[in-house]
Amino acid sequence: MARAKILAPKGVSEYVPPRSRLFEFVRESLIAPARLAGYQLMELPVFEDTELFKRGVGESTDVVSKEMYTFTDRGDRSITLRPEGTAGAMRAVIEHGLDRAQLPVKIWYSGAYFRAERPQAGRYRQFYQVGIEAIGLDDPAIDAEVIAVADAGFKAIGLKRYRLEITSLGDAQSRAAHKVDLMKFISTLDLDEATSLRASINPLRLFDDKRDEMKLLMSKAPILMDYLSVTSRTHFESVKTYLDALGISYILNPRMVRGLDYYTGTTFEFVHELLGSQSGIGGGGRYDGLMHELGGQELSGIGFGLGVDRALLAAEAEGVITQERFVSDLFIIPLGDSAMIRALEIATDLRKVGKSVEIAFGDRGLKGAMKAADKSGARYVVVLGDEEMTSSVLQLKNMSSGIAISVTIASLADAL
Ligand code: HAM
């Protein structure tokens, strides 16, 4: 009797062929601009001490209060699967003393993140991010560069229908001034217990309440943008000037609330038009108190996290990437044993010069092999029989036009 199948846990995103090729392309497109800007890889554990996220991300956030995968390990330690990358990156910067060297510390990372959210299209319990962090300098030009690196990633995928929203959450002084008036305003509202508790931990969180009645109430609340200190305002003006100079357009969204508590100063989100409710394809900002909160020195930082899953959905929605881009250059059909040896040699040589080559395995006859070639989508096909082996001349067939040309084995790479 057949055994019952075991399925993936609910709500995880996973990528298998052929779609995994598109995923790979999207992830690589998002990483490449960071490398070009001098960011260096950090490969970190997917689980950390739970305290890291409680302190780093903030207990008032949904991410920490409702969505963490937390468990006790065999040594009775509280462990959490990382819900985001910044806290772990900062932990590693402090632990390895990277902040004692040249500043800014510029790192990138890519991997799986875990949030126990209600699964839906574009919202998963295991999802993928590419992120960067630039730690140690307040220079507004870094804010602009970080945003530009994210934007370049989305452009490299070919995305067009997204917008960039930016705001400033100000420095401690700005937020303190705003908090006084915001708390005054909140005290006039009739809130349920859970909401009051969140407000007492971080009143800004109420701007992020998804309920319509709360949205209406909060539409009259004082906004932080009106309380920016001179330093914060000047910094933000410079960021905008740099973005203008780079030709990166943006929309000011003073009501933006990010789902993580560490943000200060410049804060931003990339929103895609075609993704419905899960439209945030990336976001980030400054986090001037985080390093100190995690036991390090008082250094500022800024970074982003881009959603690889959502960027892929966006690319598919825009129709900008298709499988045709990722097919092999050549499919070789060897007829017989000695032809197989030759085919393996040719394939090895061509791969050395960067051509992608597949071989028809399994001795399925010419007809079966042609079918396999067709299915693979390869651009060109050659048949390698006795005649071709003797003459060293092949018929290189273009699979989309059906036209074949004669080429010698030695000139195959050039012909491709
Ligand atoms: P975040 O906005 O929470 O920021 O996540 C960044 C991106 O990850 C989102 O814009 C979204 O595309 C994707 N994402 C988040 N949750 C899910 C989910 N459940 N399913 C699919 N995609 C998701 C951060 O995580 C910060 N660490 C970014 C950052 C870095 N800020 C400063 N440095």
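The values are calculated or read from the model by the stated rules, or taken from the named source; none is laboratory data. Only a predicted model underlies this, so the values are computations on that prediction, with no experimental measurement involved. A quick note on method: Cβ atoms are made from the backbone with ideal geometry, for glycine too, and the neighbour counts reach across all protein chains shown. Heads up: the accessible areas ignore ligands, DNA and RNA and are worked out on the full protein's heavy atoms, side chains in. Shrake-Rupley method; radii C 1.70, N 1.55, O 1.52, S 1.80 Å.
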*asked:* Starting from 0.36 nm per residue, how many nanometres of slack lie between ARG100 and GLU298 once their C-alpha separation is accounted for?
replied: 70.1 nm
*asked:* Apply the Karplus curve 6.51 cos²θ - 1.76 cosθ + 1.60, θ = phi - 60°, to the phi angles in region 402-407 and return the couplings in whole Hz, x for Gly and Pro.
replied: x, 7, 10, 10, 7, 9
*Using a Förster distance of 25 angstrom, determine the FRET efficiency expected from the C-beta separation of ALA112 and ALA194, and round it to 0.05.*
0.25
*For region 327-415, what class follows from the C-alpha gyration tensor (a ≥ b ≥ c being the square roots of its eigenvalues): rounded when a/c is under 1.5, otherwise prolate if a/b is larger than b/c, else oblate?*
rounded
*Tell me, what % of the accessible area of region 327-415 is carbon and sulfur with a 1.4 angstrom probe?*
53 percent
_Apply the a/c threshold of 1.5 to the C-alpha gyration tensor of region 145-190 and tell me whether it is rounded, prolate or oblate._
oblate
*Potential lengthening between ALA8 and VAL353 on full extension [0.36 nm per residue; Cα-Cα distance subtracted]*: 120.3 nm
_Inter-site label distance for PHE361 and LYS184 at 7 Å from Cα along Cβ, in nm_ = 7.4 nm
*What percent does the relative contact order of the chain come to when contacts are Cα pairs within less than 8 Å and at least six residues apart?*
17 percent
_For the chain, size of Cβ-based charge dipole, Lys and Arg +1, Asp and Glu -1, in debye_ = 940 debye
*Report, ordered by chain and residue number, the aspartates and glutamates lying within cross-link reach of LYS375, taken as a straight Cα distance under 15 Å and ignoring same-chain residues fewer than 8 apart.*
GLU324, ASP329, GLU358
_Förster radius 60 Å - calculated FRET efficiency between SER229 and SER338 (Cβ-Cβ, nearest 0.05)_ = 0.15
*Positive-end extreme of charge dipole, the chain - chosen from GLN173, LEU384, ILE223 (charges on Cβ)*: LEU384
*asked:* Given points 7 Å out from each Cα along the Cα-Cβ axis, report the LYS155 to ARG19 separation in nanometres with one decimal.
replied: 2.9 nm
*For LEU252 and LEU216, what is the calculated FRET efficiency with R₀ set at 22 Å and r taken between the beta-carbons, to the nearest 0.05?*
0.50
*Please build a GNM for the chain, connecting alpha carbons under 10 Å apart, and tell me which residue among MET399, MET256, MET183 fluctuates the most.*
MET399
*Per residue, how much accessible area does the chain have with a 1.4 Å probe, in Å²?*
50 Å²
*Could you give the size of the charge dipole of region 223-293 about its Cα centre, using +1 on the Cβ of each K and R and -1 on the Cβ of each D and E, expressed in debye and rounded to the nearest 20?*
60 debye
*Take the alpha carbon gyration tensor of region 7-101, find the square roots of its eigenvalues, order them as a ≥ b ≥ c, and report rounded if a/c is under 1.5; if not, report prolate when a/b exceeds b/c, else oblate.*
oblate
_At 7 Å along Cα-to-Cβ for each site, give me the label-to-label distance between ARG325 and ASP76 in nm._
5.3 nm
